[in-house]
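Everything below concerns the one structure shown next.
No value in this document is a laboratory result; all are computed from the given coordinates. What you see is a predicted model; the values in this text were computed from it and never measured. Note that we place each Cβ from the backbone using ideal geometry, even for glycine, and neighbour counts take in every protein chain shown.
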Amino acid sequence: MKKYLPRHGRGTMTIILMIAAYNAALIALIYLVDSYMISVLLKVSLAAIDIYQLYYLFIRLTMNYVIEDGTLKIVSLLGLKKVMLPFNRIEGYMKFSGNIKGIKLSGFGRTHSAVGRAVIEKIGTTYMYVTSSKDIVYLKTDDINYGLSPDDAAGFIGDLESGGINEISMNYRPSKSVRLYKDKVFTVIVAAASVITIAMTVNPIMLYLTDQLPALMPISFSAGYQPVQFGTGKQFAFNQMMFGFMNMAVLLCMYYASHFISKYDRRSAYKFICVPLAVSIIFFAMQLQTFFSFR
């Protein structure tokens with residue numbers, strides 16, 4: 001077994017500073033904004049961003065590469081996350097040195113380091129485990145590529161060649177068309193987001209037309225969920241309906257964004273379309289909370 005540590009880079013401090021900046025900005029907004037709806041969205045965003053950023057930070061801090069029994073293992077998170085690449089799956093390698101050029105799909109990426117998924121110029125969609133751009137080793141497999149930055153690049157490449165993995169030339173071109181409407185996972189997410197969005201749009205109108213709304217309903221709240229403005233049942237229904245239309249706009253934008261990004265990476269399209277699903281769930285939950293609390 002041979003273990004290779006990633007080359008020391010300067011990206012770790014950048015990630016820590018970004019986490020601190022995002023937290024400072026969002027926490028300040030949470031305390032300054034006196035709106036329940038915006039406060040909820042900011043708190044959910046803060047939690048999601050922190051989980052996302054800390055996940056990739058810990059991957060970077062605990063990452064190493066292990067070659068054992070004809071298999072390359074990318075180990076991180078104290079062994080909880082392991083990527084196993086048998087040598088017979090690796091079609092070849094390409095060595096590169098210089099600024100990383102491409103489109104980040106997830107994780108953290110800069111010109112000198114990247115952890116996460118990215119579309120790299122002339123390489124293609126790549127899982128990046130790169131802490132320094134001085135010596136990057138790109139590995140090509142049948143479905144996706146991997147980018148590594150071992151401190152001992154010469155020794156690492158020597159072990160690859162001893163296992164029958166040779167240097168190759170990569171010339172990536174993105175797919176012209178991806179038929180997401182035939183993807184069951186994507187279709188289910190879109191359907192779920194659409195149903196919830198339609199429900200939150202139609203529900204208040206149906207409640208108003210069937211006289212199930214009180215004469216007065218709160219239409220805005222303080223951050224502590226105290227009503228600050230009341231309106232008629234009709235105004236409440238119209239107000240909630242507008243939130244539904246806003247969610248439809250978000251769904252439409254993310255739907256087309258998903259189609260655009262899918263030509264580079266189909267899996268990233270799922271992340272884009274999950275955004276309107278999450279937003280619609282939050283808005284619908286707040287709508288139901290208001291109705292059941294003040295009916």
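The translational diffusion coefficient of segment 182-294, from Stokes-Einstein at 25 °C and 0.890 mPa s with a Kirkwood hydrodynamic radius over alpha carbon pairs, comes to 162 µm²/s. Kirkwood hydrodynamic radius computed over the chain comes to 22.1 Å, based on all pairs of distinct alpha carbons. Computed from the C-beta positions of Arg10 and Glu91 and an R0 of 30 Å, the FRET efficiency is 0.40 to the nearest 0.05.
What you get for the chain, charging only the Cβ of Lys and Arg (+1) and of Asp and Glu (-1), is a dipole of about 360 debye around the Cα centre.
Contact order for segment 203-245, expressed relative to its length and based on alpha carbon pairs under 8 Å spaced 6+ residues apart, stands at 41 percent.
To the nearest ten degrees, helix 11-32 and the longest principal axis of the Cα atoms of the chain are 10 degrees apart.
Our note on the geometry: Cα centres of segment 194-243 and segment 7-57, 31 Å apart. A cut-off under 12 angstrom between Cβ atoms defines the neighbours of Gly233, and their net charge, with Lys, Arg +1 and Asp, Glu -1, is +1. Looking at this model, which pairs from Lys81/Lys263; Lys73/Lys101; Lys184/Lys271; Lys2/Lys73 are more than 22 angstrom apart at the alpha-carbon? Pairs exceeding 22 Å: Lys81/Lys263; Lys73/Lys101. Here the gap between Cys253 and Ile103, fully extended at 0.36 nm per residue and compared with their Cα-Cα distance, gives a gain of 52.1 nm. If one takes the longest principal axis of the Cα atoms in the chain, at what angle in degrees, from 0 to 90 and to the nearest 10, does the Cα axis of helix 184-209 lie? Between helix and principal axis, roughly 10 degrees. Listed by Cβ neighbour count within 10 Å, with the fewest neighbours leading, Leu148, Leu41 appear as Leu41, Leu148.
Between helix 36-62 and the chain, what is the angle of the helix's C-alpha long axis to the longest principal axis, kept within 0 to 90° and rounded to the nearest 10? It is inclined by approximately 10 degrees. Dipole size of segment 182-294 about its Cα centre, with +1 on Lys/Arg Cβ and -1 on Asp/Glu Cβ: approximately 460 debye, rounded to the nearest 20. Taking 0.36 nm per residue of separation and subtracting the Cα-Cα distance, full extension of the segment from Val83 to Met18 would add 20.7 nm.
When the helices of the chain are scored as -39500 (n - 2.57) per DSSP H run of n ≥ 4 and the total is divided over every residue, the value at 222 nm lands at -17000 deg cm²/dmol. Under the simplified labelling scheme, the Asn171-Leu32 pair shows an inter-label distance of 5.3 nm, with each label point 7 Å from Cα along Cα→Cβ.
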